[in-house]
Structures are given as structure tokens and as C-alpha cells.
Amino acid sequence: MLTVDEALHRIASHVRSPAAVRVPLADALGCRLAEDVASDIDSPSHDKSVVDGYAVRSVDFARAARGEAAEPVELAVLEEITAGQMPRQPLTSGHATRIMTGAPIPDGADAVVMVEQTSHAEEIGASMVVVTFHTDQITPGQNIKRRATSIRTGQVVLRAGATIRAAEIGLLAEVGRPGVSIVPRPRVAVLSTGNELVAPELLPAAGQIRNSNGPMLLAAARSAGATPIDLGIGRDEVDALRRLIEQGLEHDVLLLSGGVSAGKLDLVPGVLQELGVREVFHKVSVKPGKPLWFGVSGASDPPDCLVFGLPGNPVSSLVGFELFVRPALAALAGHAWQPPPTITAELGQAFVTHGNRSTYYPARLDESGERPTVELLAWQGSGDLRTITEANCLAIFAPGETEYAAGASIPVMRI
Ligand code: AMP
Ligand code: MG
């Protein structure tokens, strides 16, 4: 049986490098940028004030600064400029311009004094006021942000490969990019198989269970940055499965749950084969999740669709997703291939492993202390999703009969 590493290796060899598409900016969040982006403007586009206050000429404060003036500096206010307006008059000796944050600095001014360091004195005529300054320590350039100090026209501000977060959306808007070339989100179809399954809104009759894998895998795909497509529930009948799987193969990835073990109605591998999906592997040496099936469809390699047949037990399905599907989705979204990252933590209690498979055990990782510690949860097996909701990681144990003492260092994988 394949080890987890061998299985990951085989999946990696079938993940194609994605083609870029152009989308409106609002649709690019979370995606990888597929082009270098240069600015079409300087930012700021003019020398601007970074405070609300008065634009002044520092030379008008020179005498006061040397202690040669008896009175505080008073200047006549020429005009008022708010953000979005342009100055109408150059600043001349003995004058100040009332200026708001973001507004352009008038010609002749070389500093801005915060409004908090001033007071209005008197009105002269209809509009002109005199402003009194309670400081004479004026440094040329103070409170002025010079043109193009943030971005120059033509400068590349984002490189291909950048992940687009809210900040990148803002920057792309600033540099005039309402549309952008990205690696598209993989489209992931989810089909839950099983005669026993009913929709979550129904009360299961005798022998039935609610379909928890469907909503869970759709959410997991979304959390991995993919676009999920819900194919609902497929009954354990060849014709019904064939029709739904055919729909699923239209997408980048098809996630099936159930029907891949050795049961009488485990029809999934057979139907996939009939539809020309080539089996890459079936069964991995992992607990939970052994029956996992992986194959590829399409005449060419790289394939059109990656098909994961995840085991029906919900925890097995989830572990299979975290171990094998999430890395594949990241690679399809334009990230370099990476197996699930692990960190080392100290085991909180003794533990004994049995059997010949690697075990991924639901646990709680605590990183608040000097060294990370991991506490195994009272897990009731592959059907026990409730305990998984308390887990934030899977503790990883190598195959074999091994006694781990409390305090042993083991790898853990965050979930
Ligand atoms: P299977 O792999 O189809 O044999 O299913 C294994 C176990 O998982 C059985 O107990 C199923 O009832 C259960 N199961 C299968 N599919 C789902 C599902 N979508 N949601 C919850 N449990 C499931
Ligand atoms: Mg089944």
C-alpha cells in the first residue's frame, strides 16, 4: 500500500500549472496575481499636506525662531484648500494658506503647521483672517508628503505570484486596475454517495443518516480558495452515479465521498473506470482514510479533472481532504506544490500505536508556552465528527507498535 508521502508525490505529478484569466478586481480576492502590475500615476500625484493646518514659508518664522520677535508670528490667510481642490494663489511673504489633509501644497510654501498649534486672531475685510502661530520651530518640509514618494509612474508595484488580499485590492485600485489577470480559483464539484443519506433538513428514518460530508467538503473546498459546486447526493446505483460523475468531470476537481471501500454497494471506482477516469492509486497506508481513491480524467496529461474518492466516514473524508486535496487545490491555484506543513510538538500524554498505517489523530495544539504541546482528544473513531470540532491539529504517529511517552516530540499538522 502507498505511504502518505508516495501518494502525495503521485498527486503532485498530475497537477497542471493553471492558465491565467482576466477578472474584475472585486473577484480577485484570495487569488494569485498572474501579471506584473505597473502604476499609471505618481502617488501622491502632488506635494500634499498630511495634516489639517496652514501652509507657510519657513523663512517667515526665522526671526521669531532666533528670539528676535516680541510677539508670536501672525500671518494673513490667503485662501482655503480642501482635498480635491487646487491652490489658486502662490504663497507670498507674510501669508499662510489654510490647508486640509491631502490637499496640494501651494507654490511658495515649504511647510505646514498643524491647526492645533494655531489660533484665529481677527477678520480683515469680508473674508481674510489672521492666524496666530503658537510655535516658531518650523522645519522646511514638515508635514508635507512629496509627489511620487510612494509610487512613481511606471513603477511595478505588484509582481506575478502575489496573493491578492484586501491591501492588494486597494493598491490595484490606486494604480488604475479595475480588472486584473489572475490564476482562477479551481472549480471543485462535490458528490456524496450513499443510499442511506438524507439532506440535513430532514429527520433520518430508520437506517438513514444525514449527509454531513457534502456540506463539509463544500466548505473545505471554499476554505482552500476553490469555487465549490454542489452535486448533491448520488444513490448507490450505476446509472445514477454515472450521470452525476459525468457532470462532476466537467470541473477541475471532483470530490466523491463514500462508495470506495470493499462493500457490496461501493460502486464508485467501477463507474469512474467505465467513464475513462484512470486510477492513479487506490488505498493509502493512513488511519483514518485508507480506502482513498485518486485518478485523473481526460485524454492528455496534465489531466482535465483530478478525481478524489474520499472514504464515507466523515473524519476519514476530512483527513483525506486535509492531507491530499488541500495541497492539490493550492497548487491548482498557482502556489508551488507543498505537502501539508507540520510542526513539532511535545505530546501531553503517553500513547501507544498499533498496526502498520500512519495515524493522524485529532488533537489540540497549544503554542502559548515555551514549546508547542499537543493534547490528544478522546476521539471515538472515523464517524466522530463532534470531537473533530474540538481539534485544531492532527497528531501524526508513524506506522508500527510504538509506545510514546508523555513529552515525546511528534509532528503535528494544523487543521
Ligand atoms: P462508505 O465508504 O460508503 O462505505 O461509507 C462509510 C461510512 O460512512 C458509512 O457508515 C456511511 O454511512 C458513512 N457515510 C457515507 N457517506 C456519508 C456522508 N455523506 N455523510 C455522513 N456519513 C457518510
Ligand atoms: Mg456507501
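Of note:
- Test set (1) surrounded by 13 or more Cβ atoms within 10 Å (Cβ to Cβ); (2) over 23 Å from Leu241 (Cα atoms); (3) among the basic types (Lys, Arg) - Arg165 fails condition number: (1)
- Listed by first and then second residue, the pairs with beta-carbon distance under 8 Å, at least 6 apart or on different chains, first residue in region 241-265 and over 21 Å from Asn313 (Cβ atoms), second more than 10 Å from ligand 1 (Cβ to nearest atom) and among the polar types (S, T, N, Q), are Leu249/Ser297.
- Filtering region 250-268 to residues that are surrounded by 20 or more Cβ atoms within 10 Å (Cβ to Cβ) and more than 11 Å from ligand 2 (Cβ to nearest atom) leaves His251, Asp252, Val253, Leu254, Leu255.
- When every residue of region 354-367 is checked against the conditions, none turns out to be within 16 Å of ligand 2 (Cβ to nearest atom), within 30 Å of Gly194 (Cα to Cα) and open to solvent by less than 40 Å² (accessible area, probe 1.4 Å).
- Where Glu401 falls short, out of the listed (1) open to solvent by less than 30 Å² (accessible area, probe 1.4 Å); (2) in contact with a His (Cβ under 8 Å, 6 or more places away or on another chain): (1)
- Residue list for region 343-388, restricted to those being in contact with a helix residue (DSSP H, G or I) (Cβ under 9 Å, 6 or more places away or on another chain) and among the polar types (S, T, N, Q): Ser358, Gln380, Ser382, Thr387
- Scanning region 269-309 for residues that are without any contact (Cβ under 8 Å) to a residue 40 or more places away in the chain, open to solvent by 10 Å² or more (accessible area, probe 1.4 Å) and more than 16 Å from ligand 2 (Cβ to nearest atom) turns up Gln273, Glu274, Leu275, Gly276, Arg278, Glu279, Gly298, Ala299, Ser300.
- Scanning region 381-398 for residues that are hydroxyl-bearing (Ser, Thr, Tyr), open to solvent by less than 60 Å² (accessible area, probe 1.4 Å) and without any contact (Cβ under 8 Å) to a residue 40 or more places away in the chain yields a single hit, Thr387.
The values are calculated or read from the model by the stated rules, or taken from the named source; none is laboratory data. None of the values given here were measured: they were computed from a predicted structure. Backbone-built Cβ (ideal geometry, glycine too); neighbour counts: all protein chains shown. Quick note on the areas: whole protein, heavy atoms, side chains included, nothing else; ligands and nucleic acids left out. Shrake-Rupley method; radii C 1.70, N 1.55, O 1.52, S 1.80 Å.
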